[in-house]
Number of protein chains: 2
Amino acid sequence: MLPVVVIHGGAGHVPRDRSDMSISGVCSAARAAYGILRGGGNSMDAVVEAVIQMENNPTFNAGCGSVLNVKGEVEMDALVMDGKTLASGAVSAVRNIANPIQLARLVMDKTTHACLTAEGASQFARAMGVPEVPLQSLITEYARMRWQKNLAHDANPVESQMGKMGTVGAVAVDREGNIACATSTGGLLNKMEGRVGDTPCIGSGSYADNNIGAVSTTGHGEAIMKVTLARLILFHMEQGQSVEAASDLGLAFMKSRVNGLGGVVTVDPQGHWAARFSSLQMAWAAAQKDTLHYGLYTGEHFTQSIDVPNPH
Amino acid sequence: MLPVVVIHGGAGHVPRDRSDMSISGVCSAARAAYGILRGGGNSMDAVVEAVIQMENNPTFNAGCGSVLNVKGEVEMDALVMDGKTLASGAVSAVRNIANPIQLARLVMDKTTHACLTAEGASQFARAMGVPEVPLQSLITEYARMRWQKNLAHDANPVESQMGKMGTVGAVAVDREGNIACATSTGGLLNKMEGRVGDTPCIGSGSYADNNIGAVSTTGHGEAIMKVTLARLILFHMEQGQSVEAASDLGLAFMKSRVNGLGGVVTVDPQGHWAARFSSLQMAWAAAQKDTLHYGLYTGEHFTQSIDVPNPH
């Protein structure tokens, strides 16, 4: 059953003209991460590589392609967690870097802290030699169009967000049984400056523990935080629920208690995995036993040998 | 059993010359919060008032009296949570305001977000008419002395932190059965600029749910985050554990799994309460049935009628 990697490209409603790019993006990221795992690499390297690929892909709301805040700027959040030690690293409201997930990993590896925010995160990036990139290099035409549309006084950015794929994330178990997760986002469309969502918040945006499993979440951040969705699902697994049942229980609770929609990718130490969502769609992909699995709508589950080229 | 409020003034090791001030501070805060509850006020107003009193008291590491970051500046984190709706508000790395807990409450009440950080939080404070205060008004001589001492290359700020009371927090249940929590901190001694700890991280620094109870935590922030301590304790309560047993299970897990020390105050919907810690000391106070309870060392539990003046 090991190794395994499961990836999401955000929960929501993907416009038809963008759905192929979303599927293609998560499948490419899953292949890249699985290549690392199959070559004997560890789960942390695999999830970080998967997320870097999606940050670099303008289709997703992370890195280049992030949604804009109300001022038309990009502020990004990211978190990695190591299930062996429970160590984590996060950045919140960070600007002018291409790959927030790499900076989050540096916070974990090179500091005694678990999260750096805003200008402090930028200073740390400079100290680590992470290149600064111009704001414009992170902004796509599509992101700018959506920002302008939602500046109207009667706009509903939370509703509108559902037309743009959200947060990206990955969970993996390597051959040694070590579990890791990584999640990265541009956050909420037209958010206030300095808004921090669920992604860098341990237990909400993701959580990994070698003894239980890992979850990476996507959806309405403020709702995810209210129920600490990632940790909630893992508690259900500690109570004996399967990855699938635990994920569904967590998402159902979020819907009934706080009227929130979202999606998750989940693994357990044995390599069982799930990609579940209460939103209309979630682009997801998984790789295990040399087979690529992927889907977008509820109930969709395509499979393909991992050795053939990317189907999209 | 209702109403009840339980307060902590941080886990650690309090120097003898400061222990009286710590006890006095938590007792005053408990009296003030209990006065609100006894007058029919709600739990959110009570916990926020308790925390404001401790932020204004230079004895505690929150508001005035906060520890300094490595640059000699004050950056503060705070979180409130409403157990009825699971709504929360937080600020992280915020500067130049006297009462971060009030700003956290404004984030909850006046925005659609759950957390604002750094400069974005400052902008929001200005928009809300929260007065800016000079950095110097938040810095005590004691905080400056400890900062300088820990600038030495061989200093161990995490160890040294244990000589300074930490984070402050409160949990309460009002007559209606509504539960709230509030936590505020200056963070970790000589932290990097932009370091965000457990306090503004929902499920780590605190959590409140009318159906389960509430927890506010203190101790080594990075360890608390690794185990999402507040939510962990509430999961034990959902499994049928008492407030005391659940608190001890959470603290014991944090010690065994990640070698972390800390303390918590916990309530359940029936008004059972606990103040537990694995550190050497934690200044705590509780008020219930017109009786004030308080202590500092393990096993200490003094009681007094709430109607007599503050004993210290």
Handout entry: GNM flexibility winner over chain B from B:Leu234, B:Leu188, B:Leu249 (Cα, springs under 10 Å)
Key = B:Leu249
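Report for the protein assembly as shown the percent antiparallel among DSSP-assigned beta bridges with both residues inside it, nearest 5.
95 percent
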Handout entry: Cα centroid of the stretch A:28-86 to Cα centroid of the stretch B:7-48, whole Å
Key = 43 Å
Problem - Ascending list, in nanometres, of distances separating the B:Pro134 label from those of the other copies (7 Å, Cα toward Cβ) - result: 4.1
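For the stretch A:4-305, calculate the relative contact order in percent as a whole number, restricting contacts to Cα pairs under 8 Å that are 6 or more residues apart.
Worked out over the stretch A:4-305, it gives 25 percent.
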Practice task
Distances from A:Gln148 to the same position in the other copies: list them in nm, one decimal, shortest first, using label points 7 Å from Cα along Cα→Cβ.
Solution key: 5.7
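Let me make sure I get this right: for the protein assembly as shown, a, b and c are the square roots of the gyration tensor eigenvalues over alpha carbons, sorted descending. Under 1.5 in a/c it's rounded, otherwise prolate if a/b > b/c, else oblate. Which is it?
Numbers: a/c = 1.75, a/b = 1.61, b/c = 1.09.
It comes out prolate by the Cα gyration axes.
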Practice task
Return the sequence-ordered ³J(HN,Hα) values of the stretch A:197-213 in whole Hz as given by the Karplus equation 6.51 cos²θ - 1.76 cosθ + 1.60 applied to θ = phi - 60°, using x for Gly and Pro.
Solution key: x, 6, 3, x, 9, 4, x, 9, x, 5, 6, 9, 9, 3, 7, 10, x
Problem - Lysine pairs meeting the criterion (Cα under 22 Å, 8 or more apart or interchain), as found in chain A - result: 10
Practice task
Figure the gain on full extension for A:Asp20 and A:Asn211 (residue separation times 0.36 nm, minus the Cα-Cα span) and round it to one decimal in nm.
Solution key: 65.2 nm
Handout entry: Dipole magnitude of the protein assembly as shown about its Cα centre (Cβ charges: Lys, Arg +1; Asp, Glu -1), debye to nearest 20
Key = 360 debye
Handout entry: Lys, Arg +1 and Asp, Glu -1 on Cβ, resulting dipole of chain A about Cα centre, debye, nearest 20
Key = 360 debye
Fill in the blank from the handout: Which residues qualify? For B:Ala87, with a placed amide H closer than 5 Å and at least 5 residues away or on another chain, they are B:Asp82
Fill in the blank from the handout: Under the 7 Å Cα-to-Cβ spin-label approximation, A:Leu135 and B:Glu141 lie apart by a distance in nanometres of 4.6 nm
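Can you figure out the FRET efficiency of B:Lys289 with A:Thr85, using R₀ = 25 Å and their beta-carbon distance, to the nearest 0.05? Don't jump to the answer; show the numbers that get you there.
Numbers: r = 44 Å, r/R0 = 1.77.
In this case the efficiency is close to 0.05.
Quick one: grab the alpha carbon gyration tensor of chain B, order the square roots of its eigenvalues as a ≥ b ≥ c, and give me rounded if a/c is under 1.5, else prolate or oblate depending on whether a/b is larger than b/c.
Details: a/c = 1.35, a/b = 1.21, b/c = 1.12.
Taking the square roots of the gyration eigenvalues as a ≥ b ≥ c, chain B is rounded.
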Practice task
Between chains A and B there is a rotation axis; tell me the chain A residue with the nearest beta carbon and how many whole Å away it sits.
Solution key: A:Ala118, 2
Problem - A:Arg257-A:Ala152 pseudo-label distance in nm [points 7 Å out on the Cα-to-Cβ vector] - result: 3.6 nm
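Label the stretch A:1-115 by shape, choosing from rounded, prolate and oblate, from the square roots a ≥ b ≥ c of the eigenvalues of the Cα gyration tensor; if a/c is under 1.5 it is rounded, and otherwise prolate applies when a/b is larger than b/c, oblate when it is not.
Details: a/c = 2.34, a/b = 1.10, b/c = 2.14.
Because a/c hits 1.5 or more and a/b fails to exceed b/c, the stretch A:1-115 counts as oblate.
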Fill in the blank from the handout: Out of B:Ser279, B:Ser216, B:Ser92, a Gaussian network model of chain B with alpha-carbon springs under 10 Å gives the largest mean-square fluctuation to B:Ser279
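Between A:Lys71 and A:Glu238, what length comes free when the chain is fully extended (0.36 nm per residue of separation minus the Cα-Cα distance, one decimal in nm)?
Details: separation 167, 0.36 × 167 = 60.12 nm, distance 4.30 nm.
55.8 nm is the gain from fully extending A:Lys71 to A:Glu238.
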Completion exercise
Shortest first and in nm, the label-point separations between B:Ala252 and its counterparts in the other identical copies (7 Å out along Cα→Cβ) come to 3.2
Problem - Candidates A:Ala182, A:Ala172, A:Ala125, ranked by Gaussian network fluctuation over chain A, Cα under 10 Å, top entry - result: A:Ala125
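Rounded to the nearest 500, what is chain A's calculated 222 nm mean residue ellipticity when only DSSP H runs of at least 4 contribute -39500 (n - 2.57) each, over all residues?
Numbers: 9 runs with 104 residues, N = 312.
The helix contribution divided over chain A gives -10000 deg cm²/dmol.
Here, each number is a calculation from the coordinates, and none is a lab measurement. Because the structure is predicted, anything quoted here is derived from the model rather than measured. Using ideal geometry, Cβ is built from the backbone for each residue, glycine included, and neighbour counts are taken over all protein chains shown.
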